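In what follows, a single structure is set out as structure tokens and then discussed.
Please treat every number below as a calculation from the coordinates, not as lab data. Predicted model, so just to flag it, every value in this text is computed and none were measured. With ideal geometry, Cβ positions are generated from the backbone for all residues, glycine too; neighbour counts draw on all protein chains shown.
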Amino acid sequence: LDSTNDSLLLDGFENIDDWTVFTEDLSSAPNTLTLDNTDSVVSTASGQLSITNQETEMALVIRKDFDAQDWSDYDFLTFYIKTEDVEHGDWIFYISDSVAGVQDSYQLILKRDTPTINVDTLENGWQEVRVDMTSYIRTSINQIALYTSTQLGWDNSKPFNLNIDN
């Protein structure tokens, strides 16, 4: 049997300049995305999202915008997430095509109040997330994002850390 495996590395998190973290509904909850040089999967660093505690109604979004790319040859998007915090809301991932939009691509990647589990060790650690993109138009992908909200169970009065890599 002959098969091909085409891949494209979108971000190895050697820097975080192209990522944006923001809250919607004009909330003022402080948040930061920093490089974490102490914990990563493949590269020397990962991106760590940190949220301070503050009570407001809001959604928290971490997003990467880029020039439109044709991803029609790619069926899956794979990345890794890690959190040791088990008090958090559902985390949702989506892609956006500059022509076709988000296309209802919202996918639950981490259920409320669950740890990230490394499948090799079955313990808390780096969890692989694999998103099937075959049902979406992906000829002009220009954005990927993750978000949670108070409506999805996020208690923003509690601090939270989430790492993303590769």
- Query: So which chymotrypsin sites (Phe, Trp or Tyr not before Pro) in the stretch 75-117 end up in coil per DSSP with only 14 or fewer other C-beta atoms within 10 Å?
  - Reply: Tyr106
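Rounded to the nearest 0.05, what FRET efficiency do Arg112 and Leu35 have when you use their Cβ-Cβ distance and R0 = 25 Å?
0.35
Which length gain, in nm to one decimal place, applies between Ser50 and Gln151 when the Cα-Cα distance is subtracted from 0.36 nm times their residue separation? Could the numbers behind the result be given before it?
Values: separation 101, 0.36 × 101 = 36.36 nm, distance 1.93 nm.
In short, 34.4 nm is gained.
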- Item | Mean Cα-pair separation over length for the stretch 1-152, i.e. relative contact order, pairs under 8 Å, 6 or more apart, % | 26
- Message: Could you work out the relative contact order of the stretch 79-166? I mean the mean sequence separation of Cα pairs under 8 Å and 6+ apart, divided by the number of residues, in percent.
- Response: 46
- Item | Computed E for Phe76/Thr121 - FRET, C-beta separation, R0 25 angstrom, nearest 0.05 | 0.65
- Query: What value does the chain have for Rg/Rh, both radii from Cα atoms and Rh as Kirkwood defines it?
  - Reply: 0.96
- Message: Taking the Cα of Val102, stepping 7 Å toward and past its beta carbon, and measuring to each backbone N in the stretch 128-166: which are under 19 Å?
- Response: 131-154
- Item | Backbone N within the stretch 133-166 under 20 Å of label point (7 Å from Glu84 Cα along the Cβ vector) | 158-166
